[in-house]
Amino acid sequence: MSEEEIKVIARNRKAKHEYHIEETYEAGIVLQGTEVKSIRQRRANLKDSFAIVEDEEVFLYHLHIAPYKQGNRYNHKPERVRKLLLHKRQIKSLIGKTREQGYTLIPLKLYFRRGIVKVELALAEGKNVHDKREDIKRRTAQRDIERAFKDRQLNRY
């Protein structure tokens, strides 16, 4: 299979800190022309955005795409609701899973793939405060182990 070029535009950095990621999906997104031009200039933000399944369609809320500077009166609204494009069987699966308590759909990243804007959507469950603390402890411990191993390799112990 050929190497596909993926150009990441925006990432939701807090997603992995705030949620347990269960599954990921790649979805297309319905955009206007000025939105695509603005995305090409990397003027998009996924912070606080989420997706909802309504009437067997998936919609993305609070995705901020800044207005295109040369867009004049044909410009878009920065935080309008945008439709996501998924296969029908994926949507039916998401309907069942999001009805379970605690599961939500959050975008992880916005990117270009073969010149088309895509969204990586995750089925996620919110973390509790103690889960977040455990992750921080685990990361700190792993960092200390790697540092000690590196020091030992370089004979600095």
Legend entry - Top-ranked residue in the stretch 1-20 [being in contact with a Lys or Arg (Cβ under 8 Å, 6 or more places away or on another chain) and part of a helix (DSSP H, G or I); ranked as modelled with the lowest pLDDT]: 17
Legend entry - the stretch 40-65, subset in contact with a Leu (Cβ under 7 Å, 6 or more places away or on another chain) and surrounded by 18 or more Cβ atoms within 10 Å (Cβ to Cβ), residue nearest to residue 95 (Cα to Cα): 53
Legend entry - Single match in 68, 111 (criterion: open to solvent by less than 50 Å² (accessible area, probe 1.4 Å), assigned to a strand (DSSP E or B) and among the aromatic types (Phe, Trp, Tyr)): 111
Inset, instruction - Could you check residue 76 against (1) of a type outside the set (Gly, Ala, Ser); (2) over 12 Å from the mean Cα position of the chain (by Cα); (3) crowded, with 18+ Cβ neighbours inside 10 Å; (4) part of a strand (DSSP E or B) and say which number it fails? - result: (4)
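Quick check on this structure: which one of 16, 7, 37 is open to solvent by 60 Å² or more (accessible area, probe 1.4 Å) and within 28 Å of residue 103 (Cα to Cα)?
16
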Legend entry - Within the stretch 119-157, considering residues that are of a type in the set (D, E, K, R), open to solvent by less than 80 Å² (accessible area, probe 1.4 Å) and assigned to a helix (DSSP H, G or I), the one nearest to residue 18 (Cα to Cα): 132
Inset, instruction - For the stretch 88-103, indicate whether the set of residues that are open to solvent by 40 Å² or more (accessible area, probe 1.4 Å), touching a residue at least 60 places away in the same chain (Cβ under 8 Å) and assigned to a strand (DSSP E or B) is non-empty. - result: yes
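The values are calculated or read from the model by the stated rules, or taken from the named source; none is laboratory data. Just so you know, these numbers come straight off a predicted model, no measurement behind them. Don't worry about glycine lacking a Cβ; one is built from the backbone with ideal geometry, like all the others, and counts go over all protein chains shown. Remember, those area values only see protein heavy atoms, side chains included, never the ligands or the DNA or RNA. Shrake-Rupley method; radii C 1.70, N 1.55, O 1.52, S 1.80 Å.
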